[in-house]
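Undergrad: Quick one: the structure is below, questions incoming.
Taken together, the values in this text are just the output of simple stated rules run on the coordinates, not laboratory data. As the structure is a computational prediction, the values presented were derived from the model and not from experiment. Positions of Cβ are generated from backbone atoms using ideal geometry, with glycine treated the same way; all protein chains shown enter the neighbour counts.
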Amino acid sequence: MKKIDLYSTRTHEFCHSAKRLLRDKDISYLEIDMSSDPMSGGKMKRKAKGIRTIPQIYVNNAHLGGFAELYAMQQFGKLEKLLKD
């Protein structure tokens, strides 16, 4: 399984939705909680080339996008293919 990093906050609904989708699919991820680590926001913006919306999701350090992109990939059956070793 590939490494997934998820930049999120505790209170944002799309962050909760992304985490729920990954949990429901039994996909493990590393959550970087920007609520408790303010420095992570700058790191996320640099990695995402200035994007400031959350969540932001990375697969093996490649930018996947936010919840909309994650959801679309799951709906079209592309998420499982992406995450296969």
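Undergrad: Please report the base-10 log of the normalised intensity I(q)/I(0) for the stretch 9-48, using a Debye sum with one equal scatterer per alpha carbon and no solvent, at each q in 0.20, 0.35 (1/Å).
TA: -0.68, -1.09
Undergrad: Quick one: helix 13-24 against the long Cα principal axis of the chain, what's the angle to the nearest 10°, folded into 0 to 90?
TA: Between the helix axis and the principal axis of the chain, the angle is about 40 degrees.
Undergrad: Next question, about the same structure. Using Cα-Cα distances under 8 Å and only pairs 6 or more residues apart, what relative contact order does the chain have, in percent?
TA: On the way: 113 pairs, mean separation 31.9, N = 85.
In percent, rounded to a whole number, it is 38.
Undergrad: Please list 20-29, 55-64 highest first by mean number of surrounding beta-carbon atoms within 10 Å per residue. Walk me through the numbers on the way to the answer.
TA: On the way: 20-29: 12.7, 55-64: 17.2.
Packing order, densest peptide first, comes out as 55-64, 20-29.
Undergrad: Just how large is the dipole of the stretch 29-85 about the Cα centre, in debye to the nearest 20, putting +1 at every Lys and Arg Cβ and -1 at every Asp and Glu Cβ? Let's see the in-between values first.
TA: Values: 9 positive and 6 negative charges, 69 e Å.
With Lys and Arg at +1 and Asp and Glu at -1, about 340 debye.
Undergrad: Right, something else. Please compute the volume of the convex hull spanned by the alpha-carbon atoms of the chain and report it per residue in Å³. Intermediate values should be presented prior to the final figure.
TA: Working: hull volume 7.0 nm³, N = 85.
It comes to 82 Å³ per residue, whole-number rounded.
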